[in-house]
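A.B. asks: This is the structure I want to talk about, given as structure tokens.
The values are calculated or read from the model by the stated rules, or taken from the named source; none is laboratory data. Remember, it's a predicted structure, so these values are computed and weren't measured experimentally. Because the Cβ atoms are built from the backbone with ideal geometry, glycine has one as well, and the counts that use them run over all protein chains shown. Side chains are part of the model used for accessible areas, which takes the heavy atoms of the whole protein and leaves out ligands, DNA and RNA. Shrake-Rupley method; radii C 1.70, N 1.55, O 1.52, S 1.80 Å.
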Amino acid sequence: MNRDSLISYILKSNIINKWHWYQYHFNFLKKGYEHPFVESLIDACLIVEKKIPGYSEKMIDRISSINSKEHYLPHYDQLLQILAEILVISHLSEEFFDSDFKDEPTIGNSKKNPEVTITTNTYILGVEVKAPKLREHQEQRSSKKIQIPGRTHFSEELIKNAGGKVSVTLPRDNPIKDFLISSNEKFEEFKKELDNFYGVLVIVWDDYIYEPITSIFSEHSGLFTKNSFAKDKEGNSLLFKNVDAVVIIRHLHIFVESLAERPLIDGKLTPMDYGKPNTFPFKALIQNPNGEMLLPEIIKVFDAMEPSHKLGAEYMPQEYIVW
């Protein structure tokens with residue numbers, strides 16, 4: 001699959017032939033011009049194509065299938081999730097240029113599969129990519145003066161004392177819990193069957209990176225702490241032992257800016273620009289204390305750093321914010 005054949009494939013798809021959120025952007029292809037968003041997307045797909053033949057058509061099919069309902073916002077959310085997958089997998093395809101990729105692999109008796117596994121000479125890396133639906137949450141952020149990013153006794157008392165009528169933006173932590181549960185299940189059989197297997201969940205968020213960091217890292221209720229709000233039927237904290245680490249990337253807003261034809265921010269050159277190493281906006285790495293420590297070479301590939309004040313206040317758990 002080369003660029004010309006991929007463009008021909010797109011022109012026959014329902015991105016062009018039915019109402020689609022991206023129809024405007026892709027319609028430029030009819031005139032022989034690539035909209036910057038489309039150019040970046042095609043570039044990223046073709047990068048992965050070198051490691052996973054057929055990937056480009058597969059992702060165009062997925063994007064194309066979300067069509068017809070005019071201005072249906074849940075479809076917009078779904079499409080952002082697909083873009084998040086392409087962003088991460090294209091970056092890994094460039095970094096692991098001499099390693100073997102398997103697309104949506106399964107193992108043993110399980111039918112559950114991560115996005116990819118990457119086999120190197122010394123280890124096997126499983127990667128799952130998730131992106132939350134943030135649109136309604138973003139609307140609350142912009143309309144409410146108080147935000148409580150994590151579950152604490154303070155937040156519970158605040159709401160209780162006001163009769164539940166306090167106008168606050170509540171934690172968006174349930175999606176994080178669901179992402180971890182899903183990834184833990186997908187990595188389980190790989191952990192049982194393979195030596196030197198590492199499972200990494202990549203969460204693509206928007207610019208408010210303290211939200212997922214608080215959900216995972218907060219001492220009061222963080223999902224990787226003994227006080228986790230996620231419990232099993234016996235009341236024990238869920239450990240997610242098969243997820244060795246979580247990498248959090250602040251990028252969903254970059255997609256939105258590009259689609260709206262506004263200037264990109266945060267030093268991004270294209271919508272699919274993963275970013276230069278060790279530069280802002282930093283990617284956050286949270287090791288699971290109940291998993292295996294990631295090898296330094298894996299951490300380097302993701303260009304992720306452990307949250308600390310050195311990265312900025314937004315990289316630390318927050319209890320209470322007044323806008």
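A.B. asks: Within the range 218-243, restricting attention to residues that are surrounded by 22 or more Cβ atoms within 10 Å (Cβ to Cβ) and closer than 20 Å to residue 305 by Cβ, which residue is nearest to the chain's Cα centre (by Cα)?
C.D. replies: Checked the range 218-243; the qualifying residue nearest to the chain's Cα centre (by Cα) is 243.
A.B. asks: Being open to solvent by 20 Å² or more (accessible area, probe 1.4 Å), in contact with a Lys or Arg (Cβ under 7 Å, 6 or more places away or on another chain) and of a type outside the set (Phe, Trp, Tyr) is the requirement here; does residue 121 meet it? Spell out how you get there, then give the answer.
C.D. replies: On the way: open to solvent by 20 Å² or more (accessible area, probe 1.4 Å): yes; in contact with a Lys or Arg (Cβ under 7 Å, 6 or more places away or on another chain): no; of a type outside the set (Phe, Trp, Tyr): yes.
Answer is no for this residue.
A.B. asks: Does any residue of the range 172-194 turn out to be small (Gly, Ala, Ser) and at pLDDT below 95?
C.D. replies: So in the range 172-194, the residues small (Gly, Ala, Ser) come out as 182-183.
With the extra rule that they be at pLDDT below 95, the set shrinks to none.
No.
A.B. asks: Go through (1) touching a strand residue (DSSP E or B) at 6+ places or on another chain (Cβ under 8 Å); (2) in contact (Cβ under 8 Å) with a residue 12 or more places away in the chain one by one and return the number of the condition residue 227 breaks.
C.D. replies: Just one mismatch for residue 227, condition (2).
A.B. asks: Just checking: which of the helices (runs of 4 or more DSSP H) contained wholly in the range 1-75 hold 1 or more residues that are touching a His at 6+ places or on another chain (Cβ under 9 Å)?
C.D. replies: Numbers: elements: 3-11, 14-17, 23-27, 36-49, 55-65.
Those helices (runs of 4 or more DSSP H) span 14-17, 23-27, 36-49, 55-65.
A.B. asks: Determine if the range 101-108 includes at least one residue that is in contact (Cβ under 8 Å) with a residue 12 or more places away in the chain, open to solvent by less than 10 Å² (accessible area, probe 1.4 Å) and under 22 Å from residue 63 (Cα atoms).
C.D. replies: no
A.B. asks: Among the residues of the range 111-118, are any over 30 Å from residue 291 (Cα atoms) and loosely packed, with under 15 Cβ neighbours inside 10 Å? Write out each step before concluding.
C.D. replies: Taking the range 111-118 and keeping what is over 30 Å from residue 291 (Cα atoms), we get none.
No, the range 111-118 contains no residue that is over 30 Å from residue 291 (Cα atoms) and loosely packed, with under 15 Cβ neighbours inside 10 Å.
A.B. asks: Can you name the number of the only condition in (1) touching a helix residue (DSSP H, G or I) at 6+ places or on another chain (Cβ under 8 Å); (2) surrounded by fewer than 17 Cβ atoms within 10 Å (Cβ to Cβ) that residue 98 fails?
C.D. replies: (1)
A.B. asks: Do you know which of the residues in the range 50-67 that are under 15 Å from residue 85 (Cα atoms) and of a type in the set (A, V, I, L, M, F, W, C) is surrounded by the most Cβ atoms within 10 Å (Cβ to Cβ)?
C.D. replies: 63
A.B. asks: Which residues, taken from the range 113-155, are in contact with a Phe, Trp or Tyr (Cβ under 6 Å, 6 or more places away or on another chain), modelled with pLDDT of 90 or more and basic (Lys, Arg)?
C.D. replies: 130
A.B. asks: Let me ask you something else. Please state which of the following conditions residue 247 fails to meet, knowing it meets all the rest: (1) within 13 Å of the chain's Cα centre (by Cα); (2) surrounded by fewer than 20 Cβ atoms within 10 Å (Cβ to Cβ).
C.D. replies: That leaves (2) as the condition not met.
A.B. asks: In the set 82, 89, which member is of a type in the set (A, V, I, L, M), in contact (Cβ under 8 Å) with a residue 12 or more places away in the chain and surrounded by fewer than 22 Cβ atoms within 10 Å (Cβ to Cβ)?
C.D. replies: Values: 89 fails: surrounded by fewer than 22 Cβ atoms within 10 Å (Cβ to Cβ).
One residue alone meets the criteria, 82.
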